[in-house]
Amino acid sequence: MEDVSDVNMMFDLLKTPGQVSPIERLLNEFEAHETKEEKALEYYKKVLGDMPNPATRFLLQLIISDEEKHRAVIHAMVATLKGSLNWTKPAGSLEGGADSDAANGELREVTEELIRIEKEGIKDYKILIGESSDYYHGLFKVLMDSMIRDSEKHIELLEFLRGSLKTA
């Protein structure tokens, strides 16, 4: 019974009528942001349609691709929060059944290699920046800086995954 009271405290489920729990408030904020992401994505796509310059179109398409990923991430978080509130595991939720021990073992084996590959890629990008930073008015540098940030994000995600696999 102690576990139930801990869950109630964590989610503030024992709120008084008329109040919104912290998780419901957070869900509302995520849903509002999801709507904003959708509108931003639509606007980017509209702007892209009017651009004749190939470089401009390419850059806008990169941004659109990122915005689509942002929308998917926010949607997954919304689904997860809704599942927590309803004690369900809806499609698209980040909560689900555990992976098999074999899958976890395989992923554990490759995670370190993936981190090493990302770190090596960052070193390579930095060398390429030095060699090409003046090309196309600095466009190559901007693109490679962006790829470095992506690789740093990948490392962060892989390190999180590695940590969660240790506890699995």
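Read-outs: derived from the displayed coordinates by stated rules, not from any lab. Model, not experiment: these values are computed from the prediction. Every residue, glycine among them, receives a Cβ derived from its backbone with ideal geometry; neighbour counts consider all protein chains shown.
Using Cα centres only, tell me the gap between region 39-102 and region 152-168 in whole Å.
20
Excluding same-chain pairs closer than 8 in sequence, count the lysine pairs in region 36-83 whose Cα atoms lie under 16 Å apart. The partial results should precede the final answer.
Details: Lys36/Lys45; Lys36/Lys46; Lys36/Lys69; Lys39/Lys69; Lys45/Lys69.
Value for region 36-83: 5.
Can you give the calculated 222 nm mean residue ellipticity of the chain, where each DSSP H run of n ≥ 4 adds -39,500 (n - 2.57) and the sum is split over every residue, rounded to the nearest 500 deg cm²/dmol?
-28000 deg cm²/dmol
Nothing charged except the Cβ atoms of Lys and Arg (+1) and of Asp and Glu (-1): what's the magnitude of the dipole of region 113-168 about its Cα centre? Round to the nearest 20 debye. Show your work: numbers first, answer last.
Values: 9 positive and 11 negative charges, 42 e Å.
For this selection, approximately 200 debye.
Just name one of Ser151, Met77, His33: the one whose Cα is farthest towards the positive end of the charge dipole of the chain (beta-carbon charges, Lys/Arg +1, Asp/Glu -1).
His33
For the chain, build the charge dipole from Cβ charges (+1 Lys, Arg; -1 Asp, Glu) around the Cα centre, then report which of Gly49, Gly105, Gly138 sits farthest towards its positive end.
It is Gly49, whose Cα lies furthest towards the positive end.
What's the Cα-based Rg to Rh of region 12-119, Rh via Kirkwood?
Using Cα coordinates only, the ratio equals 1.13.
Going toward the positive end of the dipole of region 11-168, with +1 on Lys and Arg Cβ and -1 on Asp and Glu Cβ, which of Asn86, Phe58, Ile129 do you reach last?
Highest projection toward the positive end goes to Asn86.
Sum up the charges of everything whose Cβ sits under 14 Å from the Cβ of Leu158, counting Lys and Arg as +1 and Asp and Glu as -1, but leave Leu158 out.
Around Leu158, the charge tally is -3.
Using Cα positions and a limit of under 16 Å, work out the lysines in reach of Lys141, with same-chain residues fewer than 8 apart set aside.
Counting by Cα, and skipping residues close in sequence, Lys141 has these lysines nearby: Lys123, Lys126.
Quick check: convex hull over the Cα atoms of region 71-168, volume per residue in Å³, rounded to an integer?
Numbers: hull volume 11.1 nm³, N = 98.
Cα convex hull per residue, to the nearest whole number: 113 Å³.
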